[in-house]
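Following: one structure in structure tokens, then a few remarks.
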There are 2 protein chains.
Amino acid sequence: VSLVDDLTSALGPGAVLTEPDDVAAYCTDWRGAGSGRPLCVVRPGSTAEVSTAVRLCHEAGTPVVPHGGGTGLSGGALPDDSGSQVVLSLARLRAVRGVDAAGDTLTVEAGVVLADVQAAAASVDRLFPLSLASEGSCTIGGNLATNAGGTAVLRYGMARDLVLGLEVVLPDGRVWDGLRPLRKDNTGYDLTQLFVGSEGTLGIITAATLRLFPATPRHATAWLALPSVEAAVSLLPVVRSRSGGSLAAYELVSREALDTVLRHVPAARDAFGEPHEWYALVELAGAATDDSLDDALEAALAEGFEQSLVADAVVAGSPSQRESLWLLREGISEAQNHDGASLKHDVSVPVTLLPELLADTAARLDAVLPGVRLVTYGHVGDGNVHHNLAAPVGGSGDDLRAAAGDLADAIYDAVAERGGSISAEHGLGTTKRDANAARKDPVELDLMRSIKQALDPAGLMNPGKVLPADSP
Amino acid sequence: VSLVDDLTSALGPGAVLTEPDDVAAYCTDWRGAGSGRPLCVVRPGSTAEVSTAVRLCHEAGTPVVPHGGGTGLSGGALPDDSGSQVVLSLARLRAVRGVDAAGDTLTVEAGVVLADVQAAAASVDRLFPLSLASEGSCTIGGNLATNAGGTAVLRYGMARDLVLGLEVVLPDGRVWDGLRPLRKDNTGYDLTQLFVGSEGTLGIITAATLRLFPATPRHATAWLALPSVEAAVSLLPVVRSRSGGSLAAYELVSREALDTVLRHVPAARDAFGEPHEWYALVELAGAATDDSLDDALEAALAEGFEQSLVADAVVAGSPSQRESLWLLREGISEAQNHDGASLKHDVSVPVTLLPELLADTAARLDAVLPGVRLVTYGHVGDGNVHHNLAAPVGGSGDDLRAAAGDLADAIYDAVAERGGSISAEHGLGTTKRDANAARKDPVELDLMRSIKQALDPAGLMNPGKVLPADSP
């Protein structure tokens with residue numbers, strides 16, 4: 001009997017897809033179509049069924065590729081083209097298992113869409129702060145497997161900082177129930193954080209107990225024109241000290257990025273009469289009873305003007321004005337999809353090194369492909385910027401793609417020389433796996449291989465992601 | 001040549017202690033004297049020397065017991081009585097390697113005393129928030145190895161939440177340099193969090209890059225009398241929603257704990273004319289420019305009185321009054337040292353289950369040893385309480401010690417039935433190792449053993465701590 005037959009009799013015929021038209025959606029992610037071709041796609045409906053499916057694959061010696069919302073940018077959820085891998089979709093694990101408003105915790109299954117997690121928290125007057133461009137389609141399981149970032153990291157941390165416990169199906173099909181809603185627990189190694197960010201290479205996250213926070217329905221939001229990236233970095237501690245714990249977002253946008261939005265997003269309007277090199281979106285957020293936000297923002301901006309860190313500013317006077325300001329930041333990703341070929345990069349350095357990193361990177365890229373357009377934006381408070389590269393004005397996407405490897409090396413080298421990360425948020429998947437292995441401390445790579453070998457000795461969990469598949 | 005000779009020639013004679021008088025200090029911790037007897041104590045002066053010492057021990061097949069400030073409560077830093085283990089003290093690794101105020105990071109060696117870490121942060125107008133009773137003698141390496149908690153967890157998290165990167169000497173002597181000062185880095189498994197809280201069983205932390213926060217020199221502090229633990233739990237969200245991000249401490253103290261302080265700490269004074277069952281210390285903290293704290297505290301207390309959650313309250317009007325209020329909480333640990341035999345426990349449950357946990361625990365303990373005094377205090381916002389048991393009035397310490405095992409089982413069973421942790425802050429060491437192994441999910445224990453085996457195949461790093469030494 002074949003594995004596909006075994007899976008079908010265990011999970012039911014509707015849960016196993018083999019037709020090319022049906023599986024195509026599982027071979028593509030937000031970067032675009034991959035070249036993958038799976039043996040089949042399985043869609044289990046419960047943790048027990050995930051366990052069964054993984055056990056059957058383990059017995060057959062067949063690799064398993066976990067798949068969430070399909071919004072990854074590094075190929076981590078895509079099968080290879082061997083036709084021998086089973087894609088395991090978590091999309092049917094959609095239950096909100098429980099919410100404890102008084103205890104500020106929420107337990108959800110892996111396939112719940114991030115926006116629905118946010119809504120479940122909001123329904124009990126709490127905040128689940130993880131927020132990113134794909135929140136309408138990405139799933140919490142994928143967010144945790146890849147340790148997603150987004151716009152709220154500055155205040156609340158990465159996905160890993162928002163999880164208290166996990167339920168994980170291990171490579172041999174056993175289930176680890178680590179769904180503990182505890183704030184403090186020093187009774188062993190931190191397995192939760194080991195699975196978070198491991199991109200499905202050590203096991204499959206099937207459910208998570210998440211941390212909730214007080215709702216922050218009040219906002220004070222400003223869109224700033226800045227003379228330089230240096231000014232953005234220098235303004236951050238000013239805003240922070242004026243706003244106490246209420247600083248919720250501090251996002252950087254380059255003129256090139258804003259221009260892309262203004263070209264492709266119909267509702268977007270430039271907030272100022274003249275162009276500036278850099279912009280920042282600054283937002284404070286607080287409780288319904290918190291009426292200190294406007295004053296705090298005003299005091300911070302006054303200090304920023306006084307120190308010549310701010311060239312111009314618009315403060316949102318209404319929720320709809322706030323939305324228009326956020327559109328200038330959040331529209332970038334969509335606008336770029338309409339703007340021809342784009343090479344996406346996602347790097348970080350210590351915050352204070354951002355200005356020199358950006359200058360050095362621009363110079364190196366221009367030497368590789370003169371005129372290449374560098375669309376830069378991101379989370380300046382975290383030292384994290386997205387460099388999305390577009391072809392020179394009048395140039396072709398083919399030239400851009402032909403130079404992709406050299407352009408990537410230029411970006412990575414500039415980052416590596418400053419002790420930075422070549423993948424701050426997006427993970428390694430397949431697209432950054434080798435560039436990372438080439439630059440990483442061999443001792444660290446060796447530790448990672450030891451852990452992979454210990455937890456997945458047969459090498460069947462998402463092979464070829466994070467670590468090269470042929471690793472010893 | 002013997003290992004002691006090898007260590008002496010590699011590190012110098014002053015760095016290797018063998019005389020019983022010299023090694024005695026390394027065989028005791030804050031619980032009291034252990035029965036340990038090491039082969040020797042080595043005191044390397046640098047990461048390179050730690051590496052050399054560990055390599056020599058590895059070649060000799062000799063176990064290594066890392067030792068920090070000696071303030072542990074679970075025996076994790078003590079050698080066994082075989083005379084065959086090498087205690088490796090980190091006390092000479094005392095350098096502050098660097099501070100980046102603009103980037104909000106600090107890099108220190110493992111032997112730096114926690115109070116000195118706090119001072120290094122304060123010297124650049126920043127806060128390193130980890131704060132606990134032993135901060136004058138515990139070291140940051142030990143704080144990280146045990147994932148220390150303390151009074152600032154509610155706002156800033158545990159020790160693991162305060163670290164960005166580590167330098168670790170591995171069991172074979174290799175050095176992993178993971179001292180990355182990055183806020184975001186998704187380029188592999190989270191090795192940092194694996195070493196944090198592993199109690200020296202996977203490697204020896206020799207340095208860490210820590211997160212700094214804005215200084216919070218302004219405080220609003222209140223000492224509250226509460227009608228019940230339920231009231232303490234219900235008041236927490238009220239204070240939280242009134243204080244935004246500024247809630248810095250929310251500590252529970254029982255009348256029994258306060259009485260112990262009033263008996264043994266000369267400067268301590270009861271804040272109220274009549275006794276109450278429960279007390280809470282509540283503190284908001286903010287920037288020098290933040291003048292909203294007093295109003296926020298007042299609004300929260302007004303709401304607390306209105307809802308009958310607060311019976312009486314004293315607000316500190318000056319820094320010295322603030323100090324006297326804190327003395328009522330921080331004096332407990334010292335007061336208990338003067339109060340005869342004490343059995344220390346440290347448990348957590350979801351916050352909302354605290355009231356029933358405390359009632360159930362008291363009943364179970366009284367059934368084991370009628371009249372046993374339960375000195376309860378702790379971090380109610382984290383669902384974490386310390387149960388320190390003292391002999392019944394007029395009873396003997398010997399009776400208490402004789403019942404220690406049954407009393408511990410009563411406490412652990414009450415916690416386990418509520419999905420709690422039998423060691424919220426203090427770790428497992430040797431004293432809670434077996435109780436934990438008996439109650440832990442076998443799948444989780446097996447994962448822990450796999451990781452131990454992968455990183456320390458010879459089983460030489462702090463054997464017998466965390467996991468039973470005879471584990472497969």
### Query
For label points placed 7 Å from Cα toward Cβ, what is the shortest-first list of nm distances from A:Ser450 to its copies?
1.6
### Normalised contact order of chain A, rounded percent, pairs of Cα under 8 Å and 6 or more residues apart
15 percent
### Summary
Output field shielding_mean for B:172-184 (other chain Cβ, 10 Å radius) holds 6
### Query
Residue-wise, which Karplus ³J(HN,Hα) couplings in Hz belong to the stretch B:240-245, taking 6.51 cos²θ - 1.76 cosθ + 1.60, θ = phi - 60°, and x for glycine or proline?
4, 6, 7, 10, x, x
### Message
Calculate the FRET efficiency for A:Ser308 and A:Ala359 from the Cβ-Cβ distance with a Förster distance of 25 Å, rounded to the nearest 0.05.
### Response
0.80
### Task
Please work out how many pairs of lysine residues in chain A are eight or more positions apart (or on different chains) and have Cα atoms closer than 15 angstrom.
4
### Task
Give a residue-ordered list of calculated ³J(HN,Hα) values for the stretch B:334-344 (Karplus: 6.51 cos²θ - 1.76 cosθ + 1.60, θ = phi - 60°; whole Hz; x for Gly, Pro).
5, 4, 5, 4, 8, 10, x, 4, 8, 9, 9
### Message
Check which residues have an amide H placed less than 5 Å from A:Leu166's amide H, if you skip close sequence neighbours.
### Response
A:Gly178, A:Leu179, A:Arg180, A:Thr209
#### Entry: Relative exposure of A:Tyr412, A:Tyr156, judged by other C-beta atoms within 10 Å (fewest first)
A:Tyr156, A:Tyr412
### Task
Tabulate in residue order the Karplus-calculated ³J(HN,Hα) for the stretch B:198-203, using 6.51 cos²θ - 1.76 cosθ + 1.60 with θ = phi - 60°, rounded to whole Hz; enter x for Gly and Pro.
8, 6, x, 8, 10, x
### Message
Per 0.36 nm of contour for each residue apart, how much would the distance between A:Ser9 and A:Val393 grow if the chain were fully extended, relative to their Cα-Cα spacing?
### Response
132.6 nm
### Calculated diffusion of the stretch B:412-472, Stokes-Einstein form, Kirkwood radius summed over Cα pairs, 4 °C and 1.567 mPa s, µm²/s
105 µm²/s
### Summary
Sorted largest first, the Cα spans of the stretch B:61-211 on the principal axes come out in Å as 49, 36, 27
### Query
Counting partner chain Cβ atoms within 10 Å of every residue's Cβ in A:245-255, what's the average?
2
#### Entry: Built amide H within the under 5 Å cut-off of A:Val265, gap 5+
none
## Note on the structure
Descending packing, highest mean Cβ count within 10 Å first, for B:315-322, A:66-73 is A:66-73, B:315-322
## Note on the structure
One decimal, nm, nearest first: from B:Phe272 to the same residue in each other copy, label points 7 Å out along Cα→Cβ, the values are 5.7
### Message
Taking the Cα of A:Leu327, stepping 7 Å toward and past its beta carbon, and measuring to each backbone N in the stretch A:269-286: which are under 11 Å?
### Response
A:269-270
### Task
Please give, to one decimal in nm, the separation of the simple spin-label points placed at B:Asp177 and B:Arg37, each 7 Å out from Cα toward the Cβ.
4.3 nm
### Task
State log₁₀ I(q)/I(0) for the protein assembly as shown at q = 0.07 Å⁻¹ as given by the Debye formula over alpha-carbon point scatterers of equal weight, solvent excluded.
-0.59
#### Entry: Cα-based convex hull volume of the stretch B:8-50 per residue, rounded to whole Å³
82 Å³
### Query
About its Cα centre, what dipole magnitude does the protein assembly as shown give when the only charges are +1 on Lys and Arg Cβ and -1 on Asp and Glu Cβ, stated in debye to the nearest 20?
760 debye
### Summary
Counting only residues 5 or more apart in sequence or on a different chain, those whose built amide H sits under 5 Å from that of B:Arg97 are B:Thr107, B:Val108, B:Glu109
### Message
Among DSSP bridges having both ends in the protein assembly as shown, what percentage is antiparallel? Round to the nearest 5.
### Response
90 percent
### Two-decimal ratio, the stretch B:239-359, of alpha-carbon radius of gyration to 2.2 N^0.38 Å
1.15
### Summary
Taking every residue of B:442-455, the Cβ atoms of other protein chains inside 10 Å of its Cβ average out to 5
### Task
State, as an integer percentage, the relative contact order of the stretch A:150-227 based on alpha-carbon contacts under 8 Å between residues 6 or more apart.
35 percent
### Summary
Within the stretch A:330-467, the percent of DSSP beta bridges that are antiparallel, given to the nearest 5, stands at 95 percent
### Query
Using the 10 angstrom Cβ neighbour count as an exposure proxy, how do B:Val86, B:Val196 rank, fewest first?
B:Val86, B:Val196
### Task
Quick one: plug the Kirkwood hydrodynamic radius of the stretch A:43-147 (C-alpha pairs) into Stokes-Einstein at 10 °C, 1.306 mPa s, and report D in µm²/s.
107 µm²/s
### Extension gain, A:Asp21 back to A:Glu417 (0.36 nm per residue minus Cα-Cα distance, nm)
138.0 nm
### Query
Per-residue ellipticity at 222 nm for chain A, helices alone: DSSP H runs ≥ 4 residues times -39500 (n - 2.57), over residue total, nearest 500 deg cm²/dmol?
-10500 deg cm²/dmol
### Query
Measuring label to label, 7 Å along Cα→Cβ, what does B:Pro319 give against each other copy in nm, shortest first?
4.5
#### Entry: Dimensions in Å of the stretch A:353-415 - Rg and Dmax from alpha carbons
11.6, 35
### Message
Please arrange B:Thr18, A:Thr221 by how many other C-beta atoms lie within 10 Å of their C-beta, fewest to most.
### Response
B:Thr18, A:Thr221
### Summary
Once the dipole of the protein assembly as shown is set up from charges on Cβ (+1 Lys and Arg, -1 Asp and Glu), the residue from the list A:Leu353, A:Ser241, A:Ala296 lying farthest towards its positive end is A:Leu353
#### Entry: Rg over Rh, two decimals, the stretch B:336-472 (C-alpha only, Kirkwood Rh)
1.02
### Task
Only Lys, Arg, Asp and Glu count, each charged at its Cβ (+1, +1, -1, -1), so figure out the dipole size of the stretch A:128-239 about its Cα centre, rounded to 20 debye.
380 debye
### Message
How would the stretch A:225-281 be classified by its alpha-carbon gyration tensor: rounded, prolate or oblate, with rounded meaning a/c under 1.5 and the a/b versus b/c comparison settling the rest?
### Response
prolate
### Task
Work from the charge dipole of chain A (Cβ charges, +1 for Lys and Arg, -1 for Asp and Glu, about the Cα centre) and give the residue of A:His387, A:Ala257, A:Asn436 farthest towards its positive end.
A:Asn436
### Closest approach to the B/A rotation axis among chain B Cβ atoms, residue and whole-Å value
B:Gly245, 1
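We did not get these values from a lab; they are worked out from the coordinates using the rules stated. Everything numeric in this text was worked out from a predicted model, so none of it was measured. Note that we place each Cβ from the backbone using ideal geometry, even for glycine, and neighbour counts take in every protein chain shown.
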